[in-house]
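Please treat every number below as a calculation from the coordinates, not as lab data. These figures come from a predicted structure and were not determined experimentally. Glycine also receives a Cβ, built like all others from the backbone with ideal geometry; neighbour counts cover every protein chain displayed.
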Amino acid sequence: MHRSLILAALLFATPALANQIEVGAAMGKTEDDVKTALVALGYDVRKIEVEDGKIEAYVVKDNGKGEIYVDPTTGLVSKVHMK
């Protein structure tokens with residue numbers, strides 16, 4: 001019985017975890033690429049700009065706000081700050 005409950009919990013949790021952004025995730029090398037990737041993951045991109053050599057995206061998802069930083073030379077997420 002417990003094994004079934006754990007399996008069910010994992011199955012339902014997996015889609016939510018798949019939509020989380022982590023450091024090292026590939027987002028793209030341009031502002032448009034990053035915005036497209038974030039929208040595909042369900043984020044509402046409020047602002048996106050290049051500052052201090054990084055693409056900075058200000059996002060909202062599930063009543064949480066955050067900032068996602070992407071290195072435009074690699075296209076990979078370098079920092080995530082969600083509130």
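Here are the numbers for the structure shown:
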read-out	value
Percent of Cα-Cα distances greater than 20 Å, calculated over the range 21-82	9
Taking Glu56, Glu49, Glu67 and counting other C-beta atoms within 10 Å, the order from fewest to most	Glu49, Glu67, Glu56
Cut-off under 5 Å, modelled amide H: who pairs with Met27 long-range	Leu76, Val77
Cut-off under 5 Å, modelled amide H: who pairs with Met82 long-range	Glu67
